[in-house]
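The values are calculated or read from the model by the stated rules, or taken from the named source; none is laboratory data. This structure is a prediction, so every number in the text was calculated from the model and none was measured. Cβ coordinates were reconstructed from backbone atoms using ideal geometry, including for glycine residues, and neighbour counts include every protein chain displayed. These accessible areas exclude ligands, DNA and RNA; they are computed on the full protein's heavy atoms, side chains included. Shrake-Rupley method; radii C 1.70, N 1.55, O 1.52, S 1.80 Å.
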Amino acid sequence: MFAEDVILKPVLTEKGYDGIADKRYTFYVKNTANKIEIRNAVEKLFGVKVAKVNTINCKGKLKRMGRNEGYTPDRKKAVVILKEDSKPIEFFNSLA
């Protein structure tokens, strides 16, 4: 699996912004990706050193449109914590 396939997009929420100062970044990742693949993908794409990876499986929400109902897709989030001596990810610098 390629690094570009593992990391789907960053999570840009208020809680995600709070972690940027502590070098804690949140990404949506592929549902089948494990922590080792996520770590390798972040290190390759952004050129940083990863200390820890936490993953969260988010179940899709029930949505209704009139009498029809269905679920939004399931997602997987990864919270990546960088090492102290690592440089920050440049993409997030302008957001904090």
Please list, ordered by first then second residue, the pairs with beta carbon atoms under 6 Å, 6 or more apart or interchain, first in the range 47-71 and more than 30 Å from K87 (Cβ to Cβ) and open to solvent by 70 Å² or more (accessible area, probe 1.4 Å), second at pLDDT 95 or above and of a type in the set (A, V, I, L, M, F, W, C).
Y71/L62
Per the filter on the range 19-33, residues in contact with a strand residue (DSSP E or B) (Cβ under 8 Å, 6 or more places away or on another chain), in a loop (DSSP other than H, G, I, E, B) and of a type in the set (S, T, N, Q) are N31
For the subset of the range 1-43 comprising residues that are acidic (D, E) and closer than 20 Å to K87 by Cα, which member is least open to solvent (accessible area, probe 1.4 Å)?
E43
How about the range 44-75: which of its residues are under 15 Å from P10 (Cβ atoms) and not in a strand (DSSP E or B)?
L45, F46, V48
Reported set for the range 72-95 where residues are open to solvent by 70 Å² or more (accessible area, probe 1.4 Å) and aromatic (F, W, Y) is F91
Candidates A41, A78 - the one that is under 22 Å from F2 (Cβ atoms) and part of a strand (DSSP E or B)
A78
